[in-house]
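Undergrad: Handing you a structure now.
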Amino acid sequence: MNARDISSEDPVVRLGAASELGLLRERVAEWLERVDDELRAPLASAFGGTPKSFRPLTLFAAHRAIHETPPPPAAVELAFALELVHNMSLIVDDILDNSELRRGMATIQSGFGRLPALMASGYLIADAFDATAGDQFASRHLSELLRRLAAAECLQWRLRRKPLGTEDWRRIAGEDTGSMFEICAVLGGRSQRLRRYGHLVGVLYHGCDDVADQRGAKGLGGGGDEDIRDGILTLPVAIAIREPRIRDMFLVDDRDRRRLAALADACRAQLESAEDMLDEIAEEARHEARRSAEDPAPLLALIDEVRHLSKR
């Protein structure tokens, strides 16, 4: 897919990144032609569907905000490496969740089996480091990202069905999704100046994902029912379990449909409160953008696009 395939209604166009995203998608297609035959089909399926592309968009916006120039080819290559890491994390999530669908398509595990899914995740990381082999700054930050993602996945699963609150949710979101957006902002700006901004945009994206899942939106690729079943601390859950009756219900580990349905209803009842909290996080991110960048306009536009995700 190239820039001509991107709809004028796409956030990519509104953010002025159609050319860069087109080059990124061409880079992914060229890479898929050269991967090992044994894993080409599973890897191609990992990049199927319609991704939202907010991670590369963060990298490109950070470059524009700091350098006040269009992203160069080197920035596209960094975005490519990050897309490989991101898709690795999705494969691992799908294995843990035993998910059958991702972006409306069969997951690698359901379509090809557990072994190809595990091996594909390792293949992606190998090629991500290959893509940044001559860039010590990028390789160092990819290493940081992988360490944080590994710890965050364990943290999130260890804290399942625990009576925690919104500050705990922010901690989990900040490492699970925030770390990825942090590194996108750092690599795009080639400095640490936008690290906090990237963190906040990642937390915002994570929260919008949580809320969109509960609204039944398909766009972000997650699953609200799966999260409730698995006892994951989403933002609506963190607000809903302030009520003792709902908290007690959340702590139970079973597959009782009535309990799960009641818990889902309780979470949906808190969506407006969750939206209010997301508005506060978005405002934090706007303040950080204005404080940290010569040209905050690309960063502010990105925040607006992310913020709309939970309302679509």
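The values are calculated or read from the model by the stated rules, or taken from the named source; none is laboratory data. All values derive from a computational prediction rather than experimental measurement. Please note: Cβ atoms are built from the backbone with ideal geometry, for glycine as well, and neighbour counts cover all protein chains shown. Please note that ligands, DNA and RNA were not included when accessible areas were found on the heavy atoms of the full protein model with its side chains. Shrake-Rupley method; radii C 1.70, N 1.55, O 1.52, S 1.80 Å.
Undergrad: Considering only residues that are under 24 Å from Leu90 (Cα atoms) and among the aliphatic types (A, V, I, L, M), look in the stretch 42-65 and name the one that is most open to solvent (accessible area, probe 1.4 Å).
TA: Among residues in the stretch 42-65 that are under 24 Å from Leu90 (Cα atoms) and among the aliphatic types (A, V, I, L, M), the one most open to solvent (accessible area, probe 1.4 Å) is Ala44.
Undergrad: If you don't mind, there's one more thing I want to ask. If you go through the stretch 280-308 one residue at a time, how many are in contact (Cβ under 8 Å) with a residue 12 or more places away in the chain and under 13 Å from Val203 (Cβ atoms)?
TA: So the count comes out to 8.
Undergrad: Okay, next question. So, in the stretch 254-279, how many residues would count as being in contact (Cβ under 8 Å) with a residue 40 or more places away in the chain and among the charged types (D, E, K, R)?
TA: Number satisfying all stated conditions: 2.
Undergrad: Take Arg4 and decide whether it is at pLDDT below 95, open to solvent by 40 Å² or more (accessible area, probe 1.4 Å) and either under 30 Å from Gly113 (Cβ atoms) or not in a loop (DSSP other than H, G, I, E, B) (or both).
TA: Against the criterion (at pLDDT below 95, open to solvent by 40 Å² or more (accessible area, probe 1.4 Å) and either under 30 Å from Gly113 (Cβ atoms) or not in a loop (DSSP other than H, G, I, E, B) (or both)), Arg4 qualifies.
Undergrad: Would you be able to tell me the number of residues in the stretch 103-127 that are in contact (Cβ under 8 Å) with a residue 12 or more places away in the chain, open to solvent by 50 Å² or more (accessible area, probe 1.4 Å) and out of contact with any Asp or Glu (no Cβ under 8 Å at 6 or more places or on another chain)?
TA: Counting residues in the stretch 103-127 that are in contact (Cβ under 8 Å) with a residue 12 or more places away in the chain, open to solvent by 50 Å² or more (accessible area, probe 1.4 Å) and out of contact with any Asp or Glu (no Cβ under 8 Å at 6 or more places or on another chain) gives 7.
Undergrad: Now, a different point. Quick one: Val211 ticks every box in (1) touching a residue at least 60 places away in the same chain (Cβ under 8 Å); (2) over 28 Å from Leu300 (Cα atoms) except a single one, so which number is it?
TA: (2)
Undergrad: Looking at Asp254 and the list (1) at pLDDT 95 or above; (2) under 22 Å from Leu159 (Cα atoms), which single condition is not satisfied?
TA: It is condition (1) that Asp254 fails.
Undergrad: Within the stretch 24-41, how many residues are surrounded by 15 or more Cβ atoms within 10 Å (Cβ to Cβ) and in contact (Cβ under 8 Å) with a residue 40 or more places away in the chain?
TA: Residues flagged as surrounded by 15 or more Cβ atoms within 10 Å (Cβ to Cβ) and in contact (Cβ under 8 Å) with a residue 40 or more places away in the chain within the stretch 24-41 amount to 7.
Undergrad: Can you give me the number of residues within the stretch 84-93 that are open to solvent by 10 Å² or more (accessible area, probe 1.4 Å) and within 15 Å of Thr177 (Cβ to Cβ)?
TA: The number of residues fulfilling the criteria is 6.
Undergrad: Taking the stretch 173-198 as the search range and keeping residues that are within 15 Å of Ile281 (Cβ to Cβ) and more than 13 Å from the chain's Cα centre (by Cα), which one is surrounded by the fewest Cβ atoms within 10 Å (Cβ to Cβ)?
TA: If we take residues in the stretch 173-198 being within 15 Å of Ile281 (Cβ to Cβ) and more than 13 Å from the chain's Cα centre (by Cα), then Arg196 is surrounded by the fewest Cβ atoms within 10 Å (Cβ to Cβ).
Undergrad: Identify all residues within the stretch 296-312 that are acidic (Asp, Glu) and surrounded by fewer than 15 Cβ atoms within 10 Å (Cβ to Cβ); write none if there are none.
TA: The answer is Asp304, and nothing else.
Rundown of residues vs (1) touching a residue at least 24 places away in the same chain (Cβ under 8 Å); (2) small (Gly, Ala, Ser); (3) on the phi < 0 side of the Ramachandran plot, yes/no style:
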position	(1), (2), (3)
Ala46	yes, yes, yes
Pro56	yes, no, yes
Ala81	yes, yes, yes
Val85	yes, no, yes
Ile91	yes, no, yes
Glu100	no, no, yes
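Undergrad: Which residues, taken from the stretch 161-202, are closer than 20 Å to Arg140 by Cα and of a type in the set (D, E, K, R)?
TA: Glu175, Asp176, Glu182, Arg190, Arg193, Arg195, Arg196
Undergrad: Here is a list: Glu68, Glu100, Glu77. Which entry is among the charged types (D, E, K, R) and either closer than 12 Å to Pro42 by Cβ or surrounded by 16 or more Cβ atoms within 10 Å (Cβ to Cβ) (or both)?
TA: Only one candidate qualifies: Glu77.
Undergrad: Now a separate question. Can you work out which of the residues in the stretch 231-280 that are acidic (Asp, Glu) and closer than 20 Å to Glu167 by Cα is surrounded by the most Cβ atoms within 10 Å (Cβ to Cβ)?
TA: Looking at residues that are acidic (Asp, Glu) and closer than 20 Å to Glu167 by Cα, I get Glu275.
Undergrad: Continuing with this model, one more query. Within the stretch 280-312, track down each residue that is assigned to a helix (DSSP H, G or I) and basic (Lys, Arg).
TA: Listed by number, the residues that qualify are Arg286, Arg290, Arg291, Arg307, Lys311.
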